[in-house]
Amino acid sequence: MASHHVPGDLADDAPRHFISSPGAAAPGGTVSGDVPVEHPIEFTGSGSEYFRIWIVNLLLSVLTLGIYSAWAKVRSQRYLHANTRLDGASFGYHARPAAILKGRIVAVLLLIAYVVLTQEMQLTGLLIVLVAAVVLLPWLLYRSLRFRLANTSYRALRFGFQAPLRKSYVVFALWPVLTLFTLYLLTPFTHRAIKAFQHNHSRYGSARFSFDARTRDFYLRYGAWLAGVVLAGGLPVLAAWLFLRDAGAGGMDGAEFFSVAWIWIYAVLLATTPMLAASLRNLIWSRTRLGPNRIVSRVSPWKYFYIQATNGLLTLLTLGLFVPFARIRRLRYLAACTAFVAAGDIGAFVAAAQDGPVGAAGDETADIFGIDIAL
Amino acid sequence: MIPGGYFDGRTARRHAVMLAPGPDGVAVEGDGVARRAAWDEVSVSERSRHGPRVIEFGDGARCEIDDAAAFDAARRRYRPGESPVVRLQQSWAATAAAVAAFVALSAAGYFLGLPWLADRASRHVPPAVVEDLSRRALESLEHMGLEPSTLPPERQAALARAWQAMQPAGAPATRLRLRAGGSLGANALALPSGDIVVTDELVALADGEDELLLAVFAHEQGHVAHRHGIRNVLQSTVVGTLAGWYLGDVSSVLAGAAAAGLSLRYSRGFEQEADDYAAAFLRARGRSPALLATMLERLEASRADGTKGTTEAEGADGNGKNGSGDAAIDLFDSHPATARRVQRLREQ
């Protein structure tokens, strides 16, 4: 395990006040004589053991028509959290199955309402759904963030999320709608805004996280990815077009070639998404701090792409039975690329004042509509 | 005595402690910590081979034991019995049985359960919904380029009359709607409301042999009689949702492809049912099922030589298919092997 630097001139049990008053920005810098120590994140989960948990979860969920799925989620998350270790301690997951079940029931009701509205009332229904999305989604995502963080702990200190609700509307309604109207040109800007909202209002114990990536960084990474897609996608298309034209090949008219070309470019776009995700993950985590403590993320876009691609292939070949192994494999790699650089003693963090239990409705609804703000 | 790390929930400091599990509970001692708690007052994490054993106290404190096996053994002495789910999860035999059960249940659900449910449910869909679904399917088809028919009105009326004349009592009501096919080419589509859309190109393929067209109408009527449109919507929606839930984490493309493939298989079954209906219908009126086979062969030939036409009523995008797209079932839906269909029809 990574070693612990303890300066000899300070007593072991005197808390070092790097992260002291709740809500206040942490003082910059470290106590003189302290060298920042990099603690790698360790993932000890086993694919075969997780498979067993997963398949039993799946079977019981099917037999109980989905009701057991809340307990399944808790079991699964507790296993994954307990097997994620940092400096000799593991993470904890504290959500209660009942809360998750309630959340899932709300989510199913919303889904039924959505289906009924769009099928039965068509245009009016669609308008209602859009308005409801703009009104409800930011609230649901806000609650999802609170629920997820409040139910995660490390060394018995809970994480937390505290932000004014109106900011959630700016970040999850205003910017996304504008992004839509600018034909997605605002995507990197909105992505940064979302991450800034998330990280600037998250805390561990009484210590606040902070986020200082610039919009420019996001545009650069998205731009590099698009350039890659144009090269990897467009160049072969161009070459094929020139070849076919010169070789005088018949049997493939312009429209057909066009649609094949678009399919190829779309495939390249999809295939390279893991690489963009890896690049953004590195950016996001390396620009997130917890007071004077930093986080390091060294995900290799190529390796991550390889892992995701082989995961997908194996999942296909095994008709889905590889899913739990795929998950463990992915988490193990991401953990191996991540480290927490502690400026001082990790034991010095202090708990925050208690806030009440947060309901799960946000978390589960966010899942069912495919909204995932992980990574 | 088992070593562990104690966290008091007030700071992140790790206290090196020793745990002594006993008949009444567990005692924790060391590094400024001395507490005992009854087994009922703490929550111990479930047995697993990997990861620490975690004891959570009521006041938020936490104890992590790296040698989980040792603690589990000690605890089993004083607190035998554990959740049956955990026993299932930790046993390879049980897990293998679970895999077999899951595969069996999924297969049973896919081949028997869902089709049966969809069939029963399709009988109870309100007529207003059926009309609405069909109208929107027709609208989206028209967006794809269906223009008013170029056939002379008398020809259209004659066809409709000939078709109605063949109808036995009690057959589901059907209405012929002739259209210029546009990008759809030669095709016929049945909508749940009973509308049968027929393209001018298909009529042209029959080359004056109206008996061939009547065979096609019989096949389409089969789709209406068996409520295939509604059943297809129900079945593909359920399959799509479940595929998304099962595979969505790994890849949404995979989920979409799986959903499309599974729905395809259902569609093949519907085609077969409609072929059988047409064969029975034709024989009952003293005609040969081979009429439909001949028409299918002509359609296949016309597509092979590059005549424009699509074989799906809606764009073949497994992810984006909506209800209206699935409700319209065409003659050539989902590429079932035409040769096999032709052979089956000729054998009847």
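In the range B:210-253, the residues that give up 20 Å² or more of accessible area when the other protein chains are added, compared with the chain on its own (1.4 Å probe), are B:TRP245, B:TYR246, B:LEU247, B:ASP249, B:VAL250, B:VAL253.
Dipole orientation for the protein assembly as shown: of the candidates B:VAL253, A:ALA173, A:ALA156, A:ALA156 has the Cα lying most toward the positive pole (charges on Cβ; Lys, Arg +1; Asp, Glu -1). Only helical runs count toward this figure. For the protein assembly as shown, summing -39,500 (n - 2.57) over DSSP H runs of n ≥ 4 and dividing by all residues gives -17500 deg cm²/dmol at 222 nm. Using bins of 20 Å that start at zero, the share of Cα-Cα pairs per bin across chain B amounts to 25, 35, 17, 18, 6, 0, in whole %. Once the Cα atoms of helix B:153-166 and of chain B are each reduced to a long axis, what angle between those two axes, in degrees from 0 to 90 to the nearest 10, is obtained? That works out to roughly 70 degrees.
Please state the relative contact order of chain B as a whole percent: Cα pairs under 8 Å, 6+ residues apart? Dividing the mean separation by the residue count of chain B yields 14 percent. Just so you know, the Cα atoms of the range A:83-186 work out to an Rg and Dmax of 18.0, 57 Å.
In the range B:1-39, what residues drop by 10 Å² or more in accessible surface going from the chain by itself to the full protein assembly, probe 1.4 Å? Residues shielded by partner chains are B:PHE7, B:GLY9, B:ARG10, B:THR11, B:ALA12, B:ARG13, B:ARG14.
Across the residues of A:52-65, average count of Cβ atoms on other protein chains within 10 Å?
Numbers: counts 12, 8, 3, 10, 13, 4, 7, 9, 4, 2, 6, 3, 0, 0.
The shielding value for this peptide is 6.
Look at where the Cα atoms of the range A:131-186 and of the range B:56-134 average out, and the two centres are 31 Å apart. A crude spin-label estimate for the pair B:ASP207 and A:LYS102, with each label 7 Å from Cα along the Cβ direction, gives 7.2 nm.
Taking every protein chain into account, the accessible area of the protein assembly as shown amounts to 48 square angstrom per residue (probe 1.4 Å). Averaging 1/r across all pairs of distinct Cα atoms in the protein assembly as shown and inverting the result yields a Kirkwood radius of 29.8 Å. Note on chain B: with neighbouring protein chains present and a 1.4 Å probe, carbon and sulfur make up 57 percent of its accessible heavy-atom surface. Taking 0.36 nm per residue of separation and subtracting the Cα-Cα distance, full extension of the segment from A:ALA113 to A:ILE128 would add 4.4 nm. Projecting the Cα atoms of A:GLY233, A:LEU270, A:LEU220 onto the dipole axis of the range A:215-285, where Lys and Arg carry +1 and Asp and Glu carry -1 at the beta carbon, places A:LEU220 farthest toward the positive end.
Shown here: the range A:215-285, whose C-alpha atoms stretch 52, 16, 14 Å along the first, second and third principal axes, sorted largest to smallest. A simple spin-label model places pseudo-atoms 7 Å from Cα toward Cβ; at B:ALA69 and A:LEU317 they are separated by 3.2 nm.
Taking the Cα centre as origin and putting +1 on Lys and Arg beta-carbons and -1 on Asp and Glu beta-carbons, what dipole magnitude results for chain B, to the nearest 20 debye?
Details: 38 positive and 44 negative charges, 183 e Å.
Around 880 debye, computed over chain B.
Note on B:ALA301 and A:TYR266: with the Förster distance fixed at 30 Å, the Cβ-Cβ geometry gives a FRET efficiency of about 0.40. Label zone of B:ARG265 (point 7 Å out along Cα→Cβ, amide N under 20 Å): in the range A:44-78 this covers A:59, A:62-63.
For the range B:20-104, the alpha carbon positions stretch 55, 22, 22 Å along the principal axes, listed from largest to smallest.
Taking a point 7 Å from the Cα of B:ASP24 along the Cα-to-Cβ direction, the residues of the range B:71-108 with backbone N closer than 16 Å to it are B:78-79.
Shielding of A:88-101 by partners, i.e. mean partner chain Cβ atoms within 10 Å per residue?
Details: counts 5, 7, 8, 0, 6, 0, 3, 0, 0, 0, 0, 0, 0, 0.
Shielding by partners across A:88-101 averages 2.
Put a dot 7 Å past the Cα of B:ARG36, heading toward its Cβ, do the same for A:LEU242, and the two dots end up 8.5 nm apart.
The values are calculated or read from the model by the stated rules, or taken from the named source; none is laboratory data. Just so it is clear, the model here is predicted, and its values are computed rather than measured. Counting neighbours? That spans all protein chains shown, and the Cβs are built from the backbone with ideal geometry, glycine included. Surface accessibility is based on the protein's heavy atoms, side chains included, excluding ligands, DNA and RNA. Shrake-Rupley method; radii C 1.70, N 1.55, O 1.52, S 1.80 Å.
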